[in-house]
Amino acid sequence: MRFVPAASPAAFAGPPAVGLPRLVKRVSGMDGELLSDTFVELTDTMVAGFDVIDFLHVLTDRSVVLLDVSAAGLLLADPRGELRVVAASSEAARLLELFQLQNDQGPCLDCYRSGQPVQAADLDAAAVRWPRFAPAALQAGFAAVQALPMRLREQVIGALNLFRAVPGEFDPADVRVGQALADVATISLLHERSMRHGDALNEQLQTALNSRVVIEQAKGKLAERLGVDMDHAFSLLRNFARARNLRLSDLAESFVDGSEALADLAASTPPQPRPDAQQVRRRLRPDPRR
């Protein structure tokens, strides 16, 4: 089957960042500076120690900050073509993505299989379409969903899924930006494969999928130790890894097997609210006066 892109990645021919300034300028009501920084970060796959899991979490986290959504999740196909959950902005979104896979039903699967965006503006009215997924999504606190394919021409490698707590149509500008984020991330992953051996992407994705299991184990262990929820435990792990320039998967494995105690993480550390666009931008561009 040949998939026709709704927002063609061909617009980003050459290095993935080419053509992005025009898109950023066209977007109104959004933090253009943060959007530009996000696109640049999503194209930077050639750095030493590139971490696929952290890269994909950047995609889900920035989607929530930039777009009018409550949560985001990301599914990628393994070498056998089976979808797996690899990133989510919250534990609720991760569990809902798993529910879709376990029940073989939902917008993310439809999006991956068709290679086309799938939207449900009111999940309360989508029970006929998805009799198991729709009630589960509502129970999880989500009332609308937009699924966007991670696709380059005929090749679809996954789907980016945006969830919102209130019903209503998704803003077309937000959908275009969300698709552009998914496109650039897809091209970046495929570009890295082209710079390596032909099967590198499959090997890389399989490693990422395996690492996801270890990260979940580490999250659970840390959450139990500190008495925090899974979202906060993941944030602590990710921040610890970034501060020490470690791969998240390597840190998780060391913590699970006991070789890394994470002694610097204080049990009294309070959960931090999700950063807004200004806070994220400050992290990316530190104050030069410091």
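Scan region 132-147 and give yes if some residue there is in contact with a strand residue (DSSP E or B) (Cβ under 6 Å, 6 or more places away or on another chain), of a type outside the set (A, V, I, L, M, F, W, C), buried (at least 23 other Cβ atoms within 10 Å of the Cβ) and within 25 Å of GLY81 (Cβ to Cβ), otherwise no.
Yes: one or more hits.
Condition check: assigned to a helix (DSSP H, G or I) and surrounded by 17 or more Cβ atoms within 10 Å (Cβ to Cβ). Does ALA93 satisfy that?
So ALA93 fits the description; yes.
Checking GLY106 against (1) at pLDDT below 90; (2) crowded, with 18+ Cβ neighbours inside 10 Å; (3) of a type outside the set (Lys, Arg), only one condition comes out false. Which one?
Of everything listed in (1) at pLDDT below 90; (2) crowded, with 18+ Cβ neighbours inside 10 Å; (3) of a type outside the set (Lys, Arg), GLY106 misses just condition (1).
Restricting to region 32-64, and then to whatever is surrounded by fewer than 22 Cβ atoms within 10 Å (Cβ to Cβ), aliphatic (A, V, I, L, M) and at pLDDT 80 or above, can you tell me which residue is farthest from ASP174 (Cα to Cα)?
VAL58
Answer yes if at least one residue in region 97-108 is touching a residue at least 12 places away in the same chain (Cβ under 8 Å), acidic (Asp, Glu), over 24 Å from ARG238 (Cα atoms) and in a helix (DSSP H, G or I), and no otherwise.
no
Quick one: is ALA71 in contact (Cβ under 8 Å) with a residue 24 or more places away in the chain, crowded, with 21+ Cβ neighbours inside 10 Å and either more than 12 Å from the chain's Cα centre (by Cα) or under 22 Å from ALA173 (Cα atoms) (or both)? Even if it seems obvious, please write down each step before you answer.
Details: in contact (Cβ under 8 Å) with a residue 24 or more places away in the chain: yes; crowded, with 21+ Cβ neighbours inside 10 Å: yes; either more than 12 Å from the chain's Cα centre (by Cα) or under 22 Å from ALA173 (Cα atoms) (or both): yes.
When the stated conditions are applied, ALA71 passes them.
Yes or no: region 77-87 includes at least one residue that is closer than 23 Å to ASP171 by Cα and of a type in the set (Gly, Ala, Ser).
Looking for residues that are closer than 23 Å to ASP171 by Cα and of a type in the set (Gly, Ala, Ser), one finds none in region 77-87, hence no.
If the Cβ limit is 6 Å and pairs must be 6+ apart or interchain, which residue in region 220-247 that is part of a helix (DSSP H, G or I) pairs with which residue that is charged (D, E, K, R)?
Every condition considered, the pairs that remain are MET230/GLU91; MET230/LYS219; ASP231/GLU91; ALA233/LYS219; PHE234/LYS219.
Counting only residues that are part of a strand (DSSP E or B) and at pLDDT below 95, how many does region 136-158 have? Working first, answer last.
Of all residues in region 136-158, those part of a strand (DSSP E or B) come to 144-152, 155-158.
Applying the additional criterion that residues be at pLDDT below 95 yields 150-152, 155-158.
Total meeting the criteria: 7.
Of the residues GLY178, GLY220, which is at pLDDT 70 or above and either in contact with an Asp or Glu (Cβ under 9 Å, 6 or more places away or on another chain) or surrounded by 18 or more Cβ atoms within 10 Å (Cβ to Cβ) (or both)?
On inspection, the qualifying residue turns out to be GLY178.
What pairs come out if I take residues in region 114-128 that are closer than 16 Å to LEU96 by Cα and pair them with residues that are β-branched (Val, Ile, Thr) and crowded, with 21+ Cβ neighbours inside 10 Å whose C-beta lies under 7 Å away, six or more apart or interchain?
So the pair list comes out as ALA120/VAL145; LEU123/VAL145.
The values are calculated or read from the model by the stated rules, or taken from the named source; none is laboratory data. Worth saying up front: this structure is predicted, and the values here are computed from it rather than measured. As a convention, Cβ positions derive from the backbone with ideal geometry for all residues, glycine included, and neighbour counts pool all protein chains shown.
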